[in-house]
Every structure is written in structure tokens, then in C-alpha cells.
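Quick note: the coordinates plus some simple rules give every number you see, no bench work behind them. Since we're looking at a predicted model, the values are computed, not measured. Every residue, glycine among them, receives a Cβ derived from its backbone with ideal geometry; neighbour counts consider all protein chains shown.
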Amino acid sequence: MTGSNPTRGKPDNNPDSKVVSSAEFAELMAPLEIRDRAPRIAVGVSGGPDSMALAVLADQWVSARGGDLVALIVDHGLRPESAEEAHRAAGWLADRGIQSEILCWHGAKPSTGLQAAARMARYRLLTDGCMARGITDLLLAHHRDDQAETFLLRLGRGSGVDGLACMAPLARSPVPHAPDIRLVRPFLPVPKTRLTATLKFLDVPWIEDPSNQNIAFTRVRMRRALKEFAGEGFTSERLSVAARRMDRASEALRAATRELLDRSVLRDPAGFCEMSVDEFQRVPDEISLRALAQMLIWAGGPGAVPRLERIERLHHEFVINSKFSGRTLGGCRVERLQRARGQSLLVCREAGAATQVLPLSPGTEDRWDGRFQVALGGGWHDDSGAGVPNVRRLGDDGWREISRAVADFVRHDIPAPARPALPALWAQNGVGSVPRAG
């Protein structure tokens, strides 16, 4: 379905139907830290009214600054007409002198969790498109109504403060291989009605996705519920204000957690981390809970952090049980460790989770277990005849071997639970090298 404009040039006096002008869009962009003299940006486009409005306004903003813009149109391939709609959107943008490229989601689609899978596929396609062009700023058209829906959806799932902060105006890409891509959302203070009003005023067509009316999707049902409860105060404006306040609280908690981590956590180059139990228990539970989550990420690598309720259970058990015997979570081992200076909270990689065997070639560099950057020098030669080495976990047998070969190694202060998951360089004749042992 295509939106049209029967009343070009006749803006509505309703504040929620006010056209977004170029000057107002510049004000929305001002705090978002795109300060290049000639900015190069990308805009994620679906062909719907939100993203079409963003593409047109962002193009005006970029052109006024001598920069370049590309619209990245995602075709999820979820409906038979999606390819034709993507090309139609590209044509409308071309009519306004806006360069675009269509990115397609190929491959099998999941039968469950389709919207979540489509969202991640969209982020991957968009960030890959940015990386291919050397662009770091990706503009997305999430608006005030989207923020309100997200707030209620997360509230229903029992999200904590961070989750209820919802979408940030500036955020890093959720795609693991593209952390340098910034997601920029200038429309978060703007209701959808103003975006459609802007398109009508500028005589820009758009596509209405019928899936936005499909009540099989939770977000669609939430959107309808919001309309029903608007009279009770559950408006998108008030809910987005609540999200902003949660974001402010979240930042304060993050700052307190960073201070605790910087002051009290030992991050060993061998991949484990420790904190004094006294320090851990001295701070409020919310701060120590966040510190534990960060230690799990440090020790377990990207994607290691489990759901909040599982961290809460582990945190509670650790705090109330002075004889805590250890647990595994998120690919990590968590233990109370007795040191000469007192008890420590130890978080290290779980050996059973560090299963990668990484072959090395001379002159190459790679990442092992998502945690260690490893390289084999270009001048390496197999003088011993032991073959090209690989990197894998040390294991208990490897620990015993290296301890015999390097007598001083056993005196290194590496806790026993952390030893089996240490990275080791293996060849046919056994362990060749281990961090901190040579």
C-alpha cells in the first residue's frame, strides 16, 4: 500500500501533526556528535513513512554541509511484494537525487522469533553496508511511538533499569564484527504523526507494510493497547519521558560500577579477574550485580553475559553463602578464592566452554575464543619438525607439562580454576608456549 498526499503545502495546526522542518531537523541532529565538516552518513530505509522522512530530511541536512548520504534499503524477503516495494522506494529516492542501494536478506527464515531474527538481519545488512563504504554513522528512524512501545514491552518482560532506558539516541551497533558503527536516532523525541505530516507536506510517497497491522505480532498488539490507554495517561510522550529518566538512572549506575571496577578488580592478562569479597559486599547490590555481569563478559568473551535473572540468582547465592563452592554461568567459572589478603571473587573462563582449536599460519593474526589476539610471525620456521602449531586451551595435562618444563611457572599467581582454560600454543611435540610462561 502506498501513502499519498492530497493536501500538499497545508500543514496541520495540531502540534503532533506539525511538519518537521529542515531547521528543526538540524536541531535534532546537533547533540548527536556528527561534527565532520563534510559528513558521510547512511540511512536505513524500509520504504515506510518513518524512514522515508528521515532519508529526505537527512539528505537536506547533509547537502547543506557539503557531505554525502546513501540510503540503504533492506529487503527482508518476507512478503512476495517486498522486492518490488524496495525498488519502488529506490525510485522515489532517486527522484529526489538520493543515492540508494538495496540489501537483501537471503537464506532460510525462522518459523519462530521471526521479528527478532529480521531485526538482527537488518542490523547486519545495514552495518555491513556502512563498513563497505567506510561510513561510521548509520541513521535510523525510530521515533517516540517506537520508544513508548519498547518501554511497555520491556516492562512486561521484567527488564531492569538498563532495559527500560530503551533505545539511545546514540548507540554502538549490536553486530559483533561492527562495533565502530554508530546507530544515530534523531527522531526519538518526534511522534510518528509528524513524520507522515512531513511527507504529505513535501509530497513524498511511502509504503504501508501490512505486517504492521498483523495482531499475531506482540508489538502490533502493544501499539493498539497504547491507543486504548492513552486517555489514562499512557501516552507515547509520557512513556518516552519515563525511558529518558531510566536512561539517566542507568548512566549513574554505570558510572558507579565503573568506579568500583577500576578501583577493585584485578584483570589478569591471562584472562581471569578477581575482586575482594569485602569490596564486592560493601557496595549496594545493584552495583555489585553489574560488576559481576561485567566480570563475566571480561572472562567469558563476547556474547557471554547471560540473562539478568540468572546473574541475580548467582549473585544472591554468592552473597548469602560464605561457603559458596562455585558455579558456572555464561561460559565462566565463578568461585570464592582464599588469598593471603582475604577472600576474593574469582571469575575465569570455564575450560569446557573454551573448545576452539585455531590453526595458525606464518604471518597471520586471528582471535582465539573471542578473547585473545594471537599471531605467528612471518619469519617462523618449523626448525624442530613439530609441524605448524595451533592455539587451544591448555587443559590439566598441558598445565602439568608446562609446569615441569618451566619451573618458575608454578609460582605464578594463577588460580587453579583458571589454569585449564589458558590459551596455549600446541604442536605435535606438546605445549610450545603459554601466556606468562613464555
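Against the chain, whose longest principal axis is taken from its Cα atoms, helix 82-95 shows a tilt of about 70°. Here's how it looks for residue 104: its modeled amide H is under 5 Å from those of 75, which are all 5 or more places away or on a different chain. How would the range 275-334 be classified by its alpha-carbon gyration tensor: rounded, prolate or oblate, with rounded meaning a/c under 1.5 and the a/b versus b/c comparison settling the rest? Prolate, since a/c reaches 1.5 and a/b exceeds b/c. When only alpha carbons are used to place a centre, the range 251-296 and the range 188-224 end up 42 Å from one another.
Sorted on the mean count of surrounding Cβ atoms within 10 Å across their residues, most packed first, peptides 420-429, 215-224 read 420-429, 215-224. Let a ≥ b ≥ c be the square roots of the eigenvalues of the Cα gyration tensor of the range 102-241; is it rounded (a/c under 1.5), or, if not, prolate (a/b larger than b/c) or oblate? Taking the square roots of the gyration eigenvalues as a ≥ b ≥ c, the range 102-241 is rounded. Amide H contacts for residue 19 (H built 1.01 Å from N in the peptide plane; partners 5 or more residues away or on another chain; cut-off under 5 Å): 12. Mind checking the angle between helix 49-63 and the chain's longest principal axis? C-alpha axes, 0 to 90 degrees, to the nearest 10. It works out to around 90 degrees. Stretched out straight at 0.36 nm per residue, the stretch from residue 30 to residue 266 would grow longer than its current Cα-Cα span by 81.0 nm.
Sequentially through the range 104-118, phi angles give Karplus couplings (6.51, -1.76, 1.60; θ = phi - 60°) of 10, 8, 9, x, 5, 9, x, 7, 10, x, 5, 5, 5, 5, 5 Hz, Gly and Pro residues having no value and appearing as x. Each residue, residue 78 and residue 285, gets one label point 7 Å from its Cα in the Cβ direction; the gap between the two is 3.8 nm. Once both labels are positioned 7 Å from their Cα atoms along Cα-to-Cβ, the gap between residue 131 and residue 309 label points is 3.4 nm. Karplus-derived 3J(HN,Hα) values for the range 146-152, using 6.51 cos²θ - 1.76 cosθ + 1.60 with θ = phi - 60°, are 4, 4, 5, 4, 4, 4, 5 Hz; glycine and proline are entered as x.
Summarising the label geometry, the points placed 7 Å from Cα in the beta-carbon direction at residue 117 and residue 255 lie 4.3 nm from one another. With a ≥ b ≥ c the root eigenvalues of the C-alpha gyration tensor of the range 2-245, is it rounded (a/c under 1.5), prolate (a/b larger than b/c) or oblate? Since a/c stays below 1.5, the shape of the range 2-245 is classed as rounded. Once backbone amide H atoms are built at 1.01 Å from N, residue 339 has 344 as its partners under 5 Å, excluding neighbours fewer than 5 places away on the same chain. Of all DSSP beta bridges in the range 2-245, what percent run antiparallel (nearest 5)? Once the DSSP bridges in the range 2-245 are tallied, antiparallel ones form about 20 percent.
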